Amino acid sequence: EEGKTTCVANLAVALSHIGKKVLLMDTDSRKPVLHRTFHCRRSPGLINVLVEEDWQKLLSEAIQGTQVKNLDLLVCGNRPPNPNEMLGSEKMVQLIDSLAQRYEFVLFDSPPLLTISDAPVLSQRLDGAVLVVRGGKTSRTSLKNAVEILSTAHTEIMGIVLNDIDF
């Protein structure tokens, strides 16, 4: 509950407002919420694309426009039995490469880093990660552990958002 979904959604909107073509992906298959945030249908989505043999055809249907100009959304879709394997698959690498050709920014709302192994697996496929830290809630030990996990996964930390600060 550090606010990672809100932060990535706000970043996506901000980038799209300055004219960047942005895709926001919901990769948190255990607790997907971006479809509700942007009032979009829940399926088909990322998981449906990853299990489909002809995934490129379904991808066009799965990517949804939003009410925000220049911002598209790829919702999570159906819950998989093995999200870790799907996010770490070769098909996921192909999908990311394909999307990087179409968008200036592809942002991922990932599963929690410390509690689920999906996020480090996914982070290995990306240019980097931004940590979201909630003031007064996230402990230094948790932050240190998160940095160690990303370091072990050879993921560049592109920044840290310090959220919910009481000045």
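The values are calculated or read from the model by the stated rules, or taken from the named source; none is laboratory data. Predicted, not measured: the structure shown is a model, and the values here were computed from it. In this analysis, Cβ positions are derived from the backbone assuming ideal geometry, glycine residues included, and neighbour counts consider all displayed protein chains. Side chains included, ligands, DNA and RNA excluded: accessible areas come from the protein's heavy atoms. Shrake-Rupley method; radii C 1.70, N 1.55, O 1.52, S 1.80 Å.
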Legend entry - Options V93, V106; residue that is out of contact with any Cys (no Cβ under 6 Å at 6 or more places or on another chain), within 19 Å of R125 (Cβ to Cβ), open to solvent by 30 Å² or more (accessible area, probe 1.4 Å) and in a strand (DSSP E or B): V106
Inset, instruction - Could you pull out the residue among G159, G135, G128 that is more than 18 Å from D109 (Cβ to Cβ) and of a type outside the set (F, W, Y)? - result: G135
Inset, instruction - Kindly indicate the residue of region 76-90 that is in a helix (DSSP H, G or I) and not acidic (D, E) and also most open to solvent (accessible area, probe 1.4 Å) among those meeting that condition. - result: N84
Inset, instruction - Please tell me if L73 is surrounded by 14 or more Cβ atoms within 10 Å (Cβ to Cβ), closer than 22 Å to T37 by Cβ, under 13 Å from the mean Cα position of the chain (by Cα) and in contact (Cβ under 8 Å) with a residue 40 or more places away in the chain. - result: yes
Legend entry - Failed condition for L46, given (1) more than 21 Å from Q101 (Cβ to Cβ); (2) in contact with a helix residue (DSSP H, G or I) (Cβ under 9 Å, 6 or more places away or on another chain); (3) touching a residue at least 24 places away in the same chain (Cβ under 8 Å): (1)
